[in-house]
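Below is one structure, written out as structure tokens; comments come after it.
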Amino acid sequence: MVMATTASTAAHTSVTSVTLEVADTEAARRFYSAFGVDAYVHLRASDAHSTGFRGFTLALTVSGPATVDGFVGAAVAAGATVLKPAAKSMWGYSGVVRAPDGTIWKIATSEKKDTAPATREIDEIVLLVGVEAVKATKQFYVDRGLTVVKSFGGKYVEFAAGPSHPVKMALYKRRALAKEVGVPVDGTGSHRLVLGSTADACTDPDGFVWEAAA
């Protein structure tokens, strides 16, 4: 599979915020502070119906296995459930947890051995959105001004992060994403996720909601 890249456009659109809709904002705030990712997400109270896989996951890239273990341990101590215990894989070392509010987080490193002590630093955070038709949804976002930085046919697309928010967004096949994080693919109701952008408000082909940045 050939990787394709595109140059940035004049009308560059980017993610400006990631808002998780939760039943209890104070409890969620305590969890995300203890987990160490509260700077990356906003929280909003919601009692919207949602069951099963919500169609997205947030992935942290960190420096080494000890740091993966540290983040997984902090999440579990704060109330998260382990979906996939941290372990080596072909691509490195990773673990997957589900926060008490239902959001799925993957913590990963490309390293298989520790070369330095554990830290609480995050190198990168990626919002992985599971979609039914990667190519069609890619075109939807390109038409809205997002810049593609990686594209692997109909399997994976990654967009550039914006200057005002460090979270990158990527598209993945919904079924493949569910398998990646260890949950059944079925899910109904709200995604419990709202994204802010530098473009106008919209809803994408898979029902993910975008709001215009304040």
Report task. Could you tell me whether the stretch 159-177 includes any residue that is out of contact with any Leu (no Cβ under 8 Å at 6 or more places or on another chain), of a type in the set (Lys, Arg), modelled with pLDDT of 95 or more and buried (at least 19 other Cβ atoms within 10 Å of the Cβ)? Result -> yes
Query raised in the report: Does the stretch 45-56 include one or more residues that are part of a loop (DSSP other than H, G, I, E, B) and among the aliphatic types (A, V, I, L, M)?
Result: yes
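The rows are residues; the columns are (1) among the small types (Gly, Ala, Ser); (2) touching an Asp or Glu at 6+ places or on another chain (Cβ under 9 Å); (3) touching a residue at least 40 places away in the same chain (Cβ under 8 Å).
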| site | (1), (2), (3) |
| --- | --- |
| Ser63 | yes, yes, yes |
| Gly73 | yes, no, no |
| Ala80 | yes, no, yes |
| Leu83 | no, no, yes |
| Ser89 | yes, no, no |
| Ser94 | yes, no, no |
| Ala99 | yes, no, yes |
| Thr103 | no, no, yes |
Requested in this report: Taking only the stretch 158-173 into account, find how many residues are more than 13 Å from the chain's Cα centre (by Cα) and closer than 18 Å to Asp206 by Cα.
Outcome: 1
Report summary line: Going through (1) buried (at least 19 other Cβ atoms within 10 Å of the Cβ); (2) at pLDDT 95 or above one by one, Ala27 fails only at (1)
Query raised in the report: Is it true that some residue in the stretch 112-130 is free of Cβ contacts under 8 Å to residues at least 60 places away in the same chain and either crowded, with 19+ Cβ neighbours inside 10 Å or within 21 Å of Pro205 (Cα to Cα) (or both)?
Result: no
Query - Filter result for Ala39 (assigned to a loop (DSSP other than H, G, I, E, B), within 30 Å of Lys112 (Cα to Cα), out of contact with any strand residue (DSSP E or B) (no Cβ under 7 Å at 6 or more places or on another chain) and hydrophobic (A, V, I, L, M, F, W, C)) - result: yes
Query raised in the report: Here are some conditions: (1) surrounded by fewer than 18 Cβ atoms within 10 Å (Cβ to Cβ); (2) modelled with pLDDT of 95 or more; (3) out of contact with any Lys or Arg (no Cβ under 9 Å at 6 or more places or on another chain); (4) within 30 Å of Gly70 (Cα to Cα). Gln139 meets all but one. Which one does it not meet?
Result: (4)
Query raised in the report: Within the stretch 61-81, how many residues are over 24 Å from Asp186 (Cα atoms) and outside any loop (DSSP other than H, G, I, E, B)?
Result: 14
Requested in this report: Please specify each residue of the stretch 188-214 satisfying the condition of being surrounded by 14 or more Cβ atoms within 10 Å (Cβ to Cβ) and at positive phi.
Outcome: Arg192
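The values are calculated or read from the model by the stated rules, or taken from the named source; none is laboratory data. All values derive from a computational prediction rather than experimental measurement. Note that each Cβ is placed from the backbone with ideal geometry, even for glycine, and that neighbours are counted across all protein chains shown.
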